[in-house]
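The structure under discussion appears below in the form of structure tokens.
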Amino acid sequence: MNDKEIILTQDGLKKLEEELENLKSVKRREVAERIKIAIGYGDISENSEYEDAKNEQAFIEGRIITLEKMLRNARIINNDEIDTNTVSIGSKVTVEDIEFKDTVEYKIVGTAESDPLQNKISNESPVGRAILGKKKGTVVEVNVPAGIIQYKIVDIQR
């Protein structure tokens, strides 16, 4: 089975490494202690604290496996690789909605790192796909459920 390459910025790599370290060093201990306490309550067959702790343990172990696999398959985008002439992964892009004249700044990141609430959009999202590889001043059309939105690329930064 081929593992999919995970594209990360330096910030994204750091964030995943910190989450993995926290899960391994803190969360594992916390859940092990909860299991130990729950076993102390006696019969585990009808012990909801024990079941909850075991479920959390399974979730944590699954997340650790996922993070380790992501980090193993990561390709890191360094700031000096980011071209400010065209939109690429790692670029900070200011776009203007042609119709409403609103401007928004997005950071283009890989899917593992995307966080729309922080304006970090995936290169595979509709907007990300539309602006990737385009130059400053280009107008792109983005298909969204409500129709088509036109964005003008106003600025590209590292």
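The values are calculated or read from the model by the stated rules, or taken from the named source; none is laboratory data. Since we're looking at a predicted model, the values are computed, not measured. All Cβ positions, glycine included, derive from the backbone under ideal geometry; neighbour counts span all protein chains shown. Each accessible area value is taken on the protein alone, full model and side chains, heavy atoms only, with ligands, DNA and RNA left out. Shrake-Rupley method; radii C 1.70, N 1.55, O 1.52, S 1.80 Å.
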Per residue accessible area of the chain, 1.4 Å probe, in Å²
63 Å²
For segment 124-147, list residues with backbone N below 12 Å from a point placed 7 Å from the Cα of N85 toward its Cβ?
135-136
Would you list, by chain and number, the aspartates and glutamates whose Cα falls below 18 Å from the Cα of K107, excluding same-chain residues fewer than 8 positions away?
D11, D80, E81, D83, E96, D97, D115, E124, D155
Rel. contact order, % - alpha carbon contacts under 8 angstrom, at least six apart, segment 87-158:
36 percent
If I compute Rg/Rh (Cα atoms, Kirkwood Rh) from the structure I just sent, which labelled value in (1) 1.05; (2) 1.17; (3) 1.20 lines up?
(2)
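Report the relative contact order of segment 1-65, percent, no decimals, based on alpha-carbon pairs under 8 angstrom and at least 6 residues apart. Walk me through the numbers before you get to the answer.
Values: 27 pairs, mean separation 21.3, N = 65.
For segment 1-65, the relative contact order is 33 percent.
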Taking the 0 to 90 degree range and rounding to the nearest ten, how far is the long axis of helix 28-40 tilted relative to the main principal axis of the chain, both from C-alpha atoms?
30 degrees
Which residue, P145, P116, P126, has the most motion in a Gaussian network model of the chain that connects Cα atoms within less than 10 Å?
P145
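Once fully extended, how much extra length lies between V104 and I148, figured as 0.36 nm per residue of separation less the alpha-carbon to alpha-carbon distance?
14.1 nm
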If R0 is 30 Å, what FRET efficiency do you get for I64 and D115 from their C-beta distance, rounded to 0.05?
0.90
Roughly what angle does helix 48-72 make with the longest principal axis of the chain, taking Cα atoms, 0 to 90 degrees, to the nearest 10?
40 degrees
